[in-house]
Amino acid sequence: MNILIVDDEQNHRLMLKLHLEDAGHTTNEAANGMEALSLMEKISFDAVLLDMKMDIMDGITTLGMMRQRGIETPVIIITAFSTVKTAVEAMKLGAADYLTKPVDIQALFEALTNCTTSNAACEYAPVEGYVFGGVYSATGLGCVINHLKLVAPTDATVLVLGESGTGKELVARSVHDNSRRKDKPYLAINCAALSENIIESELFGHVKGAFTTAVKDKAGLFEAADGGTLFLDEIGELSQTVQAKLLRVLQEGTFERVGDTKTIKTDVRIIAATNKNLKKLSETGNFREDLYFRLAVFPVEIPPLRDRKEELPALVKFFIEKHSKRFGKLVKSADDAYLRALKNYSFPGNIRELENLVERSMILTTSQKLEASTLPPLGTKQAAGLSIRDNERELIVKALQKTGGNKSKAAEILEISRRTLHNKLKEFDIED
């Protein structure tokens, strides 16, 4: 067999090389993932021994890049004990087996025999035409999409990280839509929106009499999503009790309804999201470290809008098309001054804030193009977390200015009754 050894520890590479060549195999060496990929483009190997932790392109990234380039050579992951959890999950991304350091040579030979006689490495293939419910550019969110193409076809748990409003749920939904589970249920729950007792019941269900308001048996989301995907938004807000039950589901695929002793099996893929630093929370004891490792099999970082402003024109157009019918407007685009004003803004509220700004502008515009005059003052604290409700007074003033003080027309623009407008004028002490 011709075997490629990829490890940034020269002594470890030498040890493996000597044992393999003594057994009649031929070997090549690479000190990092970049070197390995370059060699694999030129030479055909029967197997790759891939170290997980390397300074230049780690094992997971190298494995992903191999599959993206169509290199289906069987891969055996080699890892230190501290990263075994990640190595096990790497098998879901296409690795054939894993070994821990120091490598048992007999186990290595057995793994080589097994991986070359099975097609475990070929089970998954990257998604070519990726279905996504939004818009993005190649240099912006497109970089993330390239990683999602690799993980979507697998059953690996995905942890979506990013600031509020960056589109984490849209990303989660796209992973489901491009997976083998796409025809099965996709269910979502916001872990921050419910109390501990309620979220435990929502996730795992309950039996009649389990608590005061449990008047009948109820199936939870893990039962309802069986065979599909469950999206857990703001997972960092879960209590320690619920974290423990979730860990068991991830490890064993089993749970009990609240108040019941009957064990239920489930086959659900988990996609979790948070705007918190779960790694730090796990290090300080505020989030279970074992659960963190289970969730962070394939972490995906969503960049904030301020770091991908090249996507602003496409996003503005997307939101114009999305809301034009709702507002009964003939708006087709935004003018250059409007886009320039947006590009000079930092968007603390990210995509969600941009959508609110576009909605607001559409309400105020009377032409077919959004103009900069319909934007509020940007770059101030007041603009952060912008919503239509927060800006009612300014909206009303702008609407009256647009209509020359005609309250009936202003009410139409604002999509409220004339009576409601009259009440708002009093509430905000706007001269009637």
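The values are calculated or read from the model by the stated rules, or taken from the named source; none is laboratory data. This structure is a prediction, so every number in the text was calculated from the model and none was measured. Reconstructed Cβ throughout: ideal geometry from the backbone, glycine too, with neighbour counts over all protein chains shown. Surface areas here come from the heavy atoms of the whole protein model, side chains and all, with no ligands, DNA or RNA. Shrake-Rupley method; radii C 1.70, N 1.55, O 1.52, S 1.80 Å.
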State whether the stretch 107-249 is rounded, prolate or oblate according to the following rule on the C-alpha gyration tensor (a ≥ b ≥ c being the square roots of its eigenvalues): a/c under 1.5 gives rounded; otherwise a/b larger than b/c gives prolate, and the remaining case gives oblate. oblate
Can you give the accessible area of Glu110, probe radius 1.4 Å, in Å² rounded to 10? 100 Å²
Working note, the stretch 329-378: Cα radius of gyration (Å, one decimal) and Dmax (Å, whole number) are 10.2, 29
What is the set of long-range amide H partners of Leu99 at a cut-off below 5 Å, with H atoms built 1.01 Å from backbone N? Ile77, Ile78, Thr79
Spatially proximal aspartates and glutamates relative to Lys42 (Cα-Cα < 17 Å; intrachain offsets below 8 disregarded): Glu29, Glu72
Quick check on the chain: of the DSSP beta bridges with both residues there, what percent are antiparallel, nearest 5%? 10 percent
For the stretch 276-380, what is the accessible area per residue in Å² when the probe is 1.4 Å? 48 Å²
Chain lengthening between Lys208 and Leu14 when straightened (0.36 nm per residue, less Cα-Cα): 63.5 nm
Please report the accessible area of His25 (heavy atoms, 1.4 Å probe, ligands and nucleic acids excluded) in Å², nearest 10. 40 Å²
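For the stretch 19-78, with every protein chain kept in place, what is the accessible area per residue (1.4 Å probe, Å²)? Provide the component values of the computation, followed by the final result.
Working: 2640 Å² over 60 residues.
Averaged over the residues of the stretch 19-78, the accessible area is 44 Å².
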Across every pair of different alpha-carbon atoms, what Kirkwood hydrodynamic radius in Å does the chain reach? 25.1 Å
Low-density loop trypsin sites (Lys or Arg not before Pro), the stretch 266-335, at most 16 other Cβ within 10 Å, DSSP non-H/G/I/E/B, are Lys276, Lys332
Helix 33-42: angle to the longest alpha-carbon principal axis of the chain, degrees 0 to 90, nearest 10? 70 degrees
Ranked by GNM mean-square fluctuation in the chain (Cα springs under 10 Å), the top entry among Gly64, Gly24, Gly142 is Gly24
Test of understanding: in a Gaussian network model of the chain with alpha carbons linked when under 10 Å, which of Ile189, Ile60, Ile264 would top the mean-square fluctuation ranking? Ile264
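Accessible area per residue for the stretch 392-432 in Å², computed with a 1.4 Å probe and the full protein assembly in place, what is it?
Working: 2730 Å² over 41 residues.
Value for the stretch 392-432: 67 Å² per residue.
Report the full-extension gain for the segment Lys407 to Glu256: residue separation times 0.36 nm, less the Cα-Cα distance, to one decimal in nm.
Numbers: separation 151, 0.36 × 151 = 54.36 nm, distance 5.93 nm.
Working it through step by step, the gained length comes to 48.4 nm.
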By a straight-distance test (C-alpha under 19 Å), which aspartates and glutamates pair with Lys262 as possible cross-link partners, with residues fewer than eight away in the same chain excluded? Glu200, Glu202, Asp217, Glu223, Asp226, Glu252
Return the carbon/sulfur percentage of the accessible area of the chain, one whole number, probe 1.4 Å, all protein chains in place. 49 percent
Cross-link pairs beyond the 28 Å C-alpha cut-off, checked among Lys168/Lys309; Lys398/Lys426; Lys149/Lys184; Lys343/Lys402; Lys332/Lys402; Lys343/Lys426: Lys343/Lys426
